[in-house]
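Novice: Before I ask anything, here is the structure I am working with.
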Amino acid sequence: EKLEMLPLRFFVLAVCVTSIHSQMKPVDVPPKGWNSYDSFLGDVDESAYLGNCQNMKAKLGKAYEYCVIDFYWYINFTGGPTWIDEWGRPIPAADKWPSSASSKGFKAVADKVHAMGLKFGFHVMRGISESAVKANTPIKGTNYHAKDAALTTEACPWSKTWYAVNTSSPAGQAFYASLVEQYAEWDTDFIKNDCVFGSDFLPNDIKTYSEHFQKSGRQFVYSLSPGSTSRGSNGAERGEAEQINHYVNMYRVTDDDWDSWGGGHLEAHFRVGEVMGNLSGTAGLNGKSFTDMDMLPFGNLSAHHSPERRLR
């Protein structure tokens, strides 16, 4: 293994950076840490993830505390459908996450992250998976099933195997409650919720998730992704942000950051920050909420993919 060569990618809320004091709740200041996406896309595995968590701890110190797994942790390296449990909830693919075998989920991984003095998080998509709907799995603690909760006409535009949930129905509410219960059982600290904000806005799903986080009795940091540069730069997303910022702690107001100044990347994103930045620090879920201008890429990018390259 070459841990010294493992890629590092950190999320820093550029519009508001404050030192963290140990007495504060995580949501009193902009959360900072590492996310696997730029370096691994959907192919990070348990060994690489834990190695990068260790690197972050060693190289960046106490201010960087969240170590976050991005998407496709529930899909095999070779592809295929989403792994789900008996209740239709995503679970880690065992070829990437061997400690999750026998339905253990992310608990063992979270324990290792917490033992480092860090906090554990992962990415989730909107709503409910196609795998759950096809199997019509029962919803835990109810007589409802996945098809009672899913809005199959509201698939994520760029990941069509994920559907919005009917939050006005008891089935939809129960499914979100079961997801949050699962996250709490795994001792999760941070959830990055994708395809619910910006051009894929689902305010009812955001509100419902947030309400169940509050009911859980556990401190979660709730983050939304992605944002939209073109809409954010002319202020069109500001109204959306004002609808949901009190339900969350972070919300992406730009598209993905890469190591490029022009062409709709960093230069445009700084203009978005001028429009949205003064929303940072307003009331949020169990604390404050912050506009999020995405993560800064460092180190090796797109590992396991072609072409792998170093940061420009």
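Novice: If packing is taken as the average count of other Cβ atoms within 10 Å, what order do 78-86, 170-178 fall into, highest mean first?
Specialist: 170-178, 78-86
Novice: Quick one: compute a quarter of the convex hull surface over the Cα atoms of the stretch 119-166 and quote it in nm².
Specialist: Taking the Cα atoms of the stretch 119-166, their convex hull projects to 4.3 nm² on average.
Novice: Would you mind checking which residues have amide H under 5 Å from Val196's amide H? H placed 1.01 Å from N; only 5 or more apart, or other chain.
Specialist: Hits under the 5 Å cutoff: Ser225.
Novice: Can you tell me the length gained on complete extension of the stretch Lys59 to Phe270, counting 0.36 nm per residue apart and subtracting the Cα distance?
Specialist: The Lys59-Phe270 span can extend by a further 73.3 nm.
Novice: Here is a follow-up. Cross-link candidates for Lys134: which aspartates and glutamates have Cα within less than 19 Å, leaving aside residues fewer than 8 places away along the same chain?
Specialist: Qualifying aspartates and glutamates at Cα under 19 Å: Asp85, Glu86, Asp148, Glu154.
Novice: Explain nothing, just the number: relative contact order of the stretch 116-194, from Cα pairs under 8 Å at least 6 residues apart, as a whole percent.
Specialist: This gives 42 percent for the stretch 116-194.
Novice: Give me the percent relative contact order of the stretch 148-292, please, defined on Cα pairs under 8 angstrom at least 6 residues apart.
Specialist: RCO, the stretch 148-292: 19 percent.
Novice: I'd like the antiparallel share, as a percent to the nearest 5, of DSSP beta bridges with both residues in the stretch 80-219.
Specialist: Looking only at bridges with both residues in the stretch 80-219, the antiparallel portion is about 65 percent.
Novice: Still on this structure: Determine which lysines satisfy two conditions relative to Lys215: a Cα distance under 16 Å, and not lying fewer than 8 residues away in the same chain.
Specialist: Correct list for Lys215: Lys207.
Novice: Taking amide H atoms as placed 1.01 Å from N in the peptide plane, list the residues 5 or more away in sequence, or in a different chain, whose amide H sits under 5 Å from that of Lys119.
Specialist: Hits under the 5 Å cutoff: Tyr66, Cys67.
Novice: Let me ask something else about it. Take every Cα pair under 8 Å in the stretch 74-176 that's 6+ residues apart, average their separations, divide by the length, and report that relative contact order as a whole percent.
Specialist: Here the relative contact order equals 22 percent.
Novice: Any chance you could check the Cα centroid distance between the stretch 254-285 and the stretch 152-185 for me, in angstrom?
Specialist: 28
Novice: Let me ask something else about it. Lysines near Lys96 by alpha-carbon distance under 23 Å, same-chain residues fewer than 8 away left out - which ones?
Specialist: Within the straight-line cut-off, Lys96 pairs with Lys2, Lys57, Lys104, Lys107, Lys112, Lys119, Lys160, Lys192.
Laboratory data are not the source of any read-out in this text; all were calculated from the coordinates shown. Every value quoted in this text rests on a predicted model; they were computed, and no experiment measured them. For neighbour counting, all protein chains shown are included, and Cβ atoms are generated from backbone atoms with ideal geometry for every residue, glycine included.
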